[in-house]
Amino acid sequence: MATIAADTEEGSHGARGGRAFRLSPSAISYLQATPLIAILGFFFLLPIAMIAVVSFWDYDFAGLYPDFLTMNYTDTLGSWVTWKTYLNTLKFTAIVWGLTLLIGFWVAYFLAFHIRKTSTQMILFLVCTVPFMTSNIIRMISWIPVLGRNGLVNSSLIKMGIIPQPIEWLLYSDFAVVLAMVHLYTLFMVTPIFNTLMRIDRSLFEAARDAGASGWQVLWNVVIPLAKPGMAIGSIFVVTLVMADFSTVQVMSGGQSASVALMMKNQMSLLQYPAAAANAVVLLAVVLLMVAAILRVVDIRKEL
């Protein structure tokens, strides 16, 4: 009996000791998230922090000098050329966002509600993704023989007698930049909207029609409100991509237009890394404000 009592007492001490070293549920959650936090910190937060630090450095044609100067920000924010470049970038962003939202919504609407078979929906959706199997540069440059002075569009219009001479503004203009961006980024709007529309309960349409709603009323009062999370996600994708695009502006405008990303690319080619870093920080702040405005209007948590 004494032996049993001793074993029982030892077991109780061991149980108490085990409870003493047991982690709380919140600590376990943080421990499980540690690998993800480490990856995001190393590949996302650390580069942004380095860019912010470099933006305060001094520089000349010979190299970079660690310092804490606000010169790069005053030069960036105090230049009318910089403000004009930002306005031009915002113009491209607004136009491309509006066109991709319009085209992307109707493409997603057609795939979700007018194609009955799921297999056909997937096939048509994959057809939309085929261009993404090639480089953005190749898809962008493919517009040059179409829009050029002696390109397909001008040649066809002249042969049909619609125009007497080639249209000059089709290529190397803001029109060409917007057209190429819409071509490149529309799928980023189609995908989230299509995903949202496929989740809508079809019985809501029957209930709306039974209540006497017309087709346009169903679209405006049922489909669009329920599609807002997908539209917001697509808008975030398109806005961030257009704001960071420099190759499309450089190639399709023929050097006649500018964007913030192109300005940073030119600064880096001249080894003006602190100035480019300051522009990057300002651009990041602008993009985050735009994303915050979108999230303020639409709650996308239900979609995620």
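Exactly one residue out of F205, F188 is assigned to a helix (DSSP H, G or I) and modelled with pLDDT of 85 or more: that is F188. For the residues M243, M264, M231, M268, the requirement of being out of contact with any Lys or Arg (no Cβ under 8 Å at 6 or more places or on another chain), over 20 Å from I48 (Cα atoms) and surrounded by 13 or more Cβ atoms within 10 Å (Cβ to Cβ) singles out M231.
If you go through segment 58-93 and keep only what is in contact (Cβ under 8 Å) with a residue 40 or more places away in the chain and of a type in the set (S, T, Y), you end up with Y59, Y73, T76, T82, T85, Y86, T89, T93. For segment 184-211: of the residues being among the hydrophobic types (A, V, I, L, M, F, W, C) and farther than 24 Å from F125 by Cα, which is farthest from the chain's Cα centre (by Cα)? Out of the qualifying residues, it is A211. For the structure I just gave you, tell me whether Q256 is in contact with a Leu (Cβ under 6 Å, 6 or more places away or on another chain) and either surrounded by fewer than 22 Cβ atoms within 10 Å (Cβ to Cβ) or closer than 30 Å to L46 by Cβ (or both). No.
Check whether at least one residue in segment 65-72 is in a loop (DSSP other than H, G, I, E, B), more than 27 Å from the chain's Cα centre (by Cα) and aromatic (F, W, Y), and report yes or no. Quick ask: steps written out before the conclusion?
Within segment 65-72, the first condition is being in a loop (DSSP other than H, G, I, E, B), and the residues that meet it are 66-70.
Among the residues that remain, those that are also more than 27 Å from the chain's Cα centre (by Cα) are: 66-70.
Subsequent filtering for residues that are aromatic (F, W, Y) retains 68.
Checked segment 65-72: at least one residue is in a loop (DSSP other than H, G, I, E, B), more than 27 Å from the chain's Cα centre (by Cα) and aromatic (F, W, Y).
Against the conditions (1) out of contact with any helix residue (DSSP H, G or I) (no Cβ under 9 Å at 6 or more places or on another chain); (2) closer than 24 Å to V251 by Cα, I167 satisfies every one except (1).
Here is a yes/no grid of residues against (1) under 23 Å from A232 (Cβ atoms); (2) assigned to a loop (DSSP other than H, G, I, E, B); (3) without any contact (Cβ under 8 Å) to a residue 24 or more places away in the chain:
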residue	(1), (2), (3)
I95	yes, no, no
I103	yes, no, no
W106	yes, no, yes
F110	yes, no, yes
F113	yes, no, no
R116	no, yes, yes
T120	no, no, yes
V127	no, no, yes
V130	no, no, yes
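Taking the numbered list (1) acidic (D, E); (2) without any contact (Cβ under 8 Å) to a residue 40 or more places away in the chain; (3) under 24 Å from L102 (Cβ atoms) in turn, D210 passes all entries but (3). With respect to I137, determine if the residue is out of contact with any His (no Cβ under 6 Å at 6 or more places or on another chain) and not in a helix (DSSP H, G or I). So I137 fails the test. Hey, any hits in segment 217-227 for a residue that's aliphatic (A, V, I, L, M), part of a loop (DSSP other than H, G, I, E, B) and over 18 Å from P192 (Cβ atoms)? No, segment 217-227 contains no residue that is aliphatic (A, V, I, L, M), part of a loop (DSSP other than H, G, I, E, B) and over 18 Å from P192 (Cβ atoms).
The values are calculated or read from the model by the stated rules, or taken from the named source; none is laboratory data. These figures come from a predicted structure and were not determined experimentally. Ideal geometry is used to build each Cβ from the backbone, glycine not excepted, and the neighbour counts take in all protein chains shown.
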